[in-house]
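Some notes on the structure that comes next.
The values are calculated or read from the model by the stated rules, or taken from the named source; none is laboratory data. Keep in mind the model is a prediction, meaning the values are calculated, not measured. Positions of Cβ are backbone-derived with ideal geometry, glycine not excepted, and every protein chain shown enters the neighbour counts.
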Amino acid sequence: MRKRLYLFALVLALPALEGVARAQHPIMDEVANKVVYRYRHSTCEQLWERRGQPQSQREQQAVQFLRDDPQMRAAFIDRVAAPIANKMFECGMIP
């Protein structure tokens, strides 16, 4: 019975813990929101055009930062993966 109470309390606490984790990385949140916005509001043609273009210096720095910080990278990917994958699927970029 105690195990169930602890498990129930943990399940109830998870949304609050997630909010705290997001508040710890406001810059990453801002970048993730911009990436999601770009994918949601771009046409398929725009995405195909951008696909082959080189990254800006700022984008390269952000990618390097994510490579250097595995926890930040995981949080970033958790935020952007579903919207990007959905848009890429809609545009025929992934099978």
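A few points about this structure:
- Selected residue (only one of MET28, MET93 is at pLDDT 80 or above, in contact with a helix residue (DSSP H, G or I) (Cβ under 8 Å, 6 or more places away or on another chain) and in a helix (DSSP H, G or I)): MET28
- Being surrounded by fewer than 12 Cβ atoms within 10 Å (Cβ to Cβ), assigned to a helix (DSSP H, G or I) and modelled with pLDDT of 90 or more is a property that does not hold for ARG58.
- Answer residue from the stretch 31-55, given it is loosely packed, with under 15 Cβ neighbours inside 10 Å and not in a helix (DSSP H, G or I) and is modelled with the lowest pLDDT among those: GLY52
- Applying the set (1) loosely packed, with under 15 Cβ neighbours inside 10 Å; (2) touching a Phe, Trp or Tyr at 6+ places or on another chain (Cβ under 6 Å) to ILE84 leaves exactly one unmet item: (1).
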